[in-house]
1. Please state which of the following conditions Val71 fails to meet, knowing it meets all the rest: (1) open to solvent by 10 Å² or more (accessible area, probe 1.4 Å); (2) under 19 Å from Ser153 (Cβ atoms).
2. In this structure, is Val105 out of contact with any Ser or Thr (no Cβ under 9 Å at 6 or more places or on another chain), among the β-branched types (Val, Ile, Thr), open to solvent by less than 20 Å² (accessible area, probe 1.4 Å) and over 23 Å from Gly147 (Cα atoms)?
3. Can you tell which of Leu80, Leu88 is surrounded by 18 or more Cβ atoms within 10 Å (Cβ to Cβ) and either over 15 Å from Gly10 (Cβ atoms) or aliphatic (A, V, I, L, M) (or both)?
4. Could you list, in sequence order, the residues of the stretch 154-173 that are open to solvent by 50 Å² or more (accessible area, probe 1.4 Å) and either outside any loop (DSSP other than H, G, I, E, B) or closer than 18 Å to Cys91 by Cα (or both)?
5. Would you point out the residue of the stretch 10-52, among those that are at pLDDT 95 or above, assigned to a loop (DSSP other than H, G, I, E, B) and within 16 Å of Ile96 (Cβ to Cβ), that is most open to solvent (accessible area, probe 1.4 Å)?
6. Which ones in the stretch 45-57 are more than 18 Å from Val25 (Cβ to Cβ) and touching a residue at least 24 places away in the same chain (Cβ under 8 Å)?
7. Using beta carbons and a limit of 6 Å, which pairs, at least six apart or on different chains, have the first residue in the stretch 73-100 and closer than 18 Å to Gly117 by Cβ and the second one polar (S, T, N, Q)?
8. Answer yes or no as to whether Thr61 is over 22 Å from Ala164 (Cα atoms) and of a type in the set (Ser, Thr, Tyr).
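The values are calculated or read from the model by the stated rules, or taken from the named source; none is laboratory data. Just so it is clear, the model here is predicted, and its values are computed rather than measured. A quick note on method: Cβ atoms are made from the backbone with ideal geometry, for glycine too, and the neighbour counts reach across all protein chains shown. Areas reflect the complete protein model, heavy atoms only, side chains present, ligands, DNA and RNA absent. Shrake-Rupley method; radii C 1.70, N 1.55, O 1.52, S 1.80 Å.
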Amino acid sequence: MEFDAVVLAGGGSTRFGGVDKALLVLDGVSLLDRVLTATIAAESTVVVGPERAVCRPVDWTLENPPGGGPVAGIAAGIALGRSPVVVLLSCDLPWITTDEVAQLVDGVGDSTSGRDGFGLLDSGGREQWLAAAYRRTALVEALKRIGDPRDKSVRRLFLGLDLAWSAPSRAGDDVDSWADLDD
């Protein structure tokens, strides 16, 4: 199934003292490049955030106005691309691979499944809305319901969507602190 990738990479990295989390390096590869490698099969890839040197060609966009939070970034990112499925990932998922991305896309199923999305659970069993595949129509409708996306919560955006989840895995673990890189 065709899919587009939207990668959120515009946060302030406040827990990292302002260091650009997308450019943190693990085993010689930046966190952003790890996610871009995992989404190599996408029809189009949009990175929401400031332009940086990356491992492959992508489109770039910013939420308007910048600093509007992840929901504003999602709105900016899905405005580009046309595939019926959107894989939405934060840039801080260093253990996600092409296999998990394929699992996300397959988990959405065909248009008759009725499911709005399929996401990863982190190794602790927490739902990772920013590590999931969504039916584009469901995302567009959710954004319409929420109105102005600036500073809205991700939880509120996805409230009411029919989502299914993977078994817990490291692929869903994000990097929220320096200690997370040492695991």
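1. For Val71, the failing item is (1).
2. yes
3. Of Leu80, Leu88, the one residue that is surrounded by 18 or more Cβ atoms within 10 Å (Cβ to Cβ) and either over 15 Å from Gly10 (Cβ atoms) or aliphatic (A, V, I, L, M) (or both) is Leu88.
4. Arg155, Arg156, Trp165, Ala167, Pro168, Arg170 - these are the residues of the stretch 154-173 that are open to solvent by 50 Å² or more (accessible area, probe 1.4 Å) and either outside any loop (DSSP other than H, G, I, E, B) or closer than 18 Å to Cys91 by Cα (or both).
5. Filtering the stretch 10-52 for residues that are at pLDDT 95 or above, assigned to a loop (DSSP other than H, G, I, E, B) and within 16 Å of Ile96 (Cβ to Cβ), the one most open to solvent (accessible area, probe 1.4 Å) comes out as Ile40.
6. If the condition is that a residue be more than 18 Å from Val25 (Cβ to Cβ) and touching a residue at least 24 places away in the same chain (Cβ under 8 Å), then Thr45, Val46, Val48 are the ones that fit.
7. So the pair list comes out as Gly81/Ser44.
8. In short, yes.
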